[in-house]
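In what follows, a single structure is set out as C-alpha cells and then discussed.
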C-alpha cells in the first residue's frame, strides 16, 4: 500500500472534527447555540441510523470477515459533520465533503471497506441531516409562532 492511501484511510478523518470545532469557535454566541442544537440532533440520529443499518445489512469487512463492515464509521462521522456544516457554511462544507470522499475512497482502496459500506455511510449522513433539519425547522417555527 502506498503511504498516501494509508494516511487517507487511517488518519485524514481526524481533520474533520477539528475543522468543525474551528468553525464553531468562530461563530457568534447566537450561531453557536444554533450549531450546538443542530449537532445535538444530527449526530445522534446518524449514530442510531448507523447502528440500525448495521443490524439490517450484513456485509463482512474485507479485513476481518467476522465483523460487519457496513456502514463505515469513519465515513459516517465525516459525512455527518459535512452535512451539519452544510446547514451553516456551504464553502467549508464542500471541503469537508472532499475530505469525506478522500477518506471513503482510501478506505475502499486499502481494503478496509467495500464500496457499499462507504456509500451507505454517506446516504445515512444525508438522511440524518434531512431528518434533523426537518425536526429543527419544525421546533424553531413552532417557537416563533408561540413567541408572537
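Read-outs throughout are calculated quantities, based only on the coordinates presented, and are distinct from any laboratory measurement. Everything numeric here is computed off the predicted structure, so don't read it as measured data. Cβ sites come from the backbone with ideal geometry, for glycine too, and all protein chains shown count toward neighbours.
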- Order these peptides, 6-13, 103-110, by their mean beta-carbon neighbour count within 10 angstrom, highest first. 103-110, 6-13
- Query: Taking the structure as given and computing P(r) over Cα pairs in 5 Å bins from 0, in percent, which label from (1) 2, 9, 16, 18, 14, 12, 11, 9, 5, 2, 1, 0; (2) 2, 9, 13, 12, 8, 5, 5, 4, 5, 5, 6, 7, 6, 5, 4, 2, 1, 0, 0; (3) 2, 10, 18, 20, 19, 13, 9, 5, 3, 1, 1, 0, 0 fits?
  - Reply: (3)
- Query: Pick from 36, 84, 49: which is most flexible by mean-square fluctuation in a GNM of the chain where alpha carbon atoms under 10 Å apart are linked?
  - Reply: 36
- Message: As an exercise, use a Förster radius of 22 Å and the Cβ-Cβ distance of residue 134 and residue 36 to find the FRET efficiency, rounded to the nearest 0.05.
- Response: 0.75
- Pairs of Cα atoms under 8 Å, at least six residues apart: use those to get the relative contact order of the chain, whole percent. 32
- Task: Any chance you could check the Cα centroid distance between the stretch 1-32 and the stretch 55-133 for me, in angstrom?
- Result: 14
- Please give the length that would be gained between residue 56 and residue 123 if that part of the chain were fully extended, namely 0.36 nm times their separation in residues minus their C-alpha to C-alpha distance (nm, one decimal). 22.6 nm
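Divide by every residue of the chain the summed helix terms, -39500 (n - 2.57) for each DSSP H run of at least 4, and state the resulting mean residue ellipticity at 222 nm, rounded to the nearest 500 deg cm²/dmol.
About -26500 deg cm²/dmol.
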- Expressed in nm to one decimal, what extension gain is obtained for the pair residue 109 and residue 15 from 0.36 nm per residue of sequence separation less their Cα-Cα distance? 31.9 nm
- Principal-axis tilt of helix 15-26 within the chain, Cα atoms, nearest 10 degrees: 10
